[in-house]
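Asker: Pasting a structure below so you can have a look.
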Amino acid sequence: MVQGIDFGLVRAEFDLPGAFSAAAQAEAENAVDRFGAGRVDETGIAFVTIDPPGSMDLDQAVHIEKTSTGYVVHYAIADVAAVVTPGGALDIETRKRGQTFYLPDGSVPLHPRALSEGSASLLPDVVRPAALWRIELDAQAEPTSWQVRRALVKSVARLDYSTVQRDADAGTLHPSIAALPEFGRLRSASAVARGAIELKLPEQSVVREQPEDESSVRWRIELEPRTEADDWNAEVSLLTGMCAGRMMLDAGIGLLRTLPPAEESAVRTLRRTAVALGITWPEGESVGQILAGLDSGEPSTMALMSVAPSLLRGADYAAFDGRLPELTVHAGIGAPYAHVTAPLRRLSDRFSTEVCLAITAGTAVPEWVRTALPELPDIMSGSDSLANKVDRACIDLTESTLLDGRVGEVFDAVVMRAKDGKRSAEVFVPSVAVIAKCVGTPDDGERAKVRLTAVDTVKRTVEFTFPA
């Protein structure tokens, strides 16, 4: 653990936005539901939310029912378009931000907290306006029909991933999501069948200790385990985005999240790495099937998964109104897909949801949405890139600060990637949850001892050497 990390340096370096303008703040604090008169009352559905502990910007609430023929998913999404006036100060401000940026010491929100963590958030035990998806599925959890309409909803419980996993293991899941594990596993199987490529590795996270004395805040890096509950919940969101993408393509208007197919060279590299790691790759099995079958606890899995992101290059957004884009599929998902489930935290979802609402209602897509569509790909791509850089900078700053003063020490490590040309090897050091480059030529997946040979807290770099 380390003290005294100033993440304000990262905010300043990337010029992240500060306070909202007085006009935008006022709009958020005085927001009213522009569509209140026409909403369907669905407060009788016992929704629950599933988010990280402490989250207040709750975009989604879910209810899953198992029926005699399959499943019915109700997925309530915060109706941000109903409380943000097109062309107003808040609308203009959110287009500059693109999305919420998350740092260890707090977020830089897309919307003022009075709205994103208050009046528009799907907090428990309060009635909220929502865009309510109803998706009917067959016994194999394949969607057969879907629609979205404006409704009033009420969440009855705020859950987190670890709680859901614990309750699932104990057989005591909340009744509203009792069918989630079965549904989630069927949807995961469907993903493999359609060729999806899912990277399910734990993620590095900078965690703040909670000392009694606020002047002695400490930070550490954790490797957050990815539970089955994370995957089940993600499948609900992915399903909804796939339904939205299909609706948009059928209607000829919308905003897709796209990804081209993996390059053959990337697949060959992955196959060679698998062979080097002793991972069996049967003839005819797809990349998705191989990755889905790996044991997350094995060092070889971490090594192979570290190579797999090369399969998922070229993600983009495609806006269209009339003529369809050349690329309409997200190769990582294996289907057309649109972002519609996180409008409090991501700008594009407000507009995409509005498209889907109009399609369901059989009405024209609002002009303010049509006008904005061509601008959204650049806004979202830019904010995605910035968010990734900010996240990496915070982790790198913590890693280098954590290891400052420890040059010369020897650590146990797992080799995630061997040296490849000019690219250094990369190792994971479990005792400090650090991932860093390594000088030398260790083999993929090898358990090795490495020596810390360089730390620079200004450049936020760490370097190990093999052999130790």
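Coordinate-derived values only; no laboratory data. What you see is a predicted model, and the numbers here were worked out from it, not measured in a lab. Ideal geometry is used to build each Cβ from the backbone, glycine not excepted, and the neighbour counts take in all protein chains shown.
Asker: Show me, for the stretch 283-292, the HN-Hα J-couplings you get by feeding each phi into the Karplus relation (A = 6.51, B = -1.76, C = 1.60, θ = phi - 60°), rounded to Hz, glycine and proline as x.
Answerer: 4, x, 7, 7, 4, x, 5, 5, 5, 5
Asker: With the cut-off at 20 Å, tell me which of the pairs LYS419/LYS459; LYS389/LYS459; LYS419/LYS449 have Cα atoms farther apart than that.
Answerer: LYS419/LYS459
Asker: Residues with amide H under 5 Å of ARG218's amide H, sequence separation 5 or more or different chain, H placed in the peptide plane at 1.01 Å from N; which?
Answerer: The answer is GLU209.
Asker: Show the residues, 5+ positions off or on another chain, whose built amide H is closer than 5 Å to the amide H of VAL329.
Answerer: LEU259
Asker: Here is a follow-up. Count charges around ALA179 for me, please; just the other residues with Cβ under 10 Å from its Cβ, Lys/Arg as +1, Asp/Glu as -1.
Answerer: That sum, taken over residues with Cβ under 10 Å, equals -1.
Asker: Hey, another quick one. Answer rounded, prolate or oblate for the stretch 406-468, using the Cα gyration tensor with square roots of eigenvalues a ≥ b ≥ c: rounded when a/c is under 1.5, else prolate when a/b is larger than b/c, else oblate.
Answerer: Verdict is oblate for the stretch 406-468.
Asker: At a threshold of 8 angstrom on Cα-Cα distance, excluding pairs fewer than six apart, so keeping six or more, what relative contact order does the stretch 261-313 reach in percent?
Answerer: 55
Asker: Related question: Along the stretch 129-137, what does the Karplus equation 6.51 cos²θ - 1.76 cosθ + 1.60 (θ = phi - 60°) give for ³J(HN,Hα), rounded to whole Hz, x for Gly and Pro?
Answerer: Result, rounded to whole Hz: x, 8, 8, 9, 8, 10, 10, 9, 10.
Asker: Around HIS74, what is the net charge, scoring Lys/Arg as +1 and Asp/Glu as -1 over all other residues with Cβ under 10 Å from its Cβ?
Answerer: -1
Asker: Taking other Cβ within 10 Å of each residue's Cβ, how do TYR161, TYR337 sort, fewest first?
Answerer: TYR161, TYR337
Asker: What are the residues whose amide H is under 5 Å from the amide H of THR453, where those residues sit 5 or more places off or on another chain and H is modelled from the backbone?
Answerer: GLY408, GLU463, PHE464, THR465
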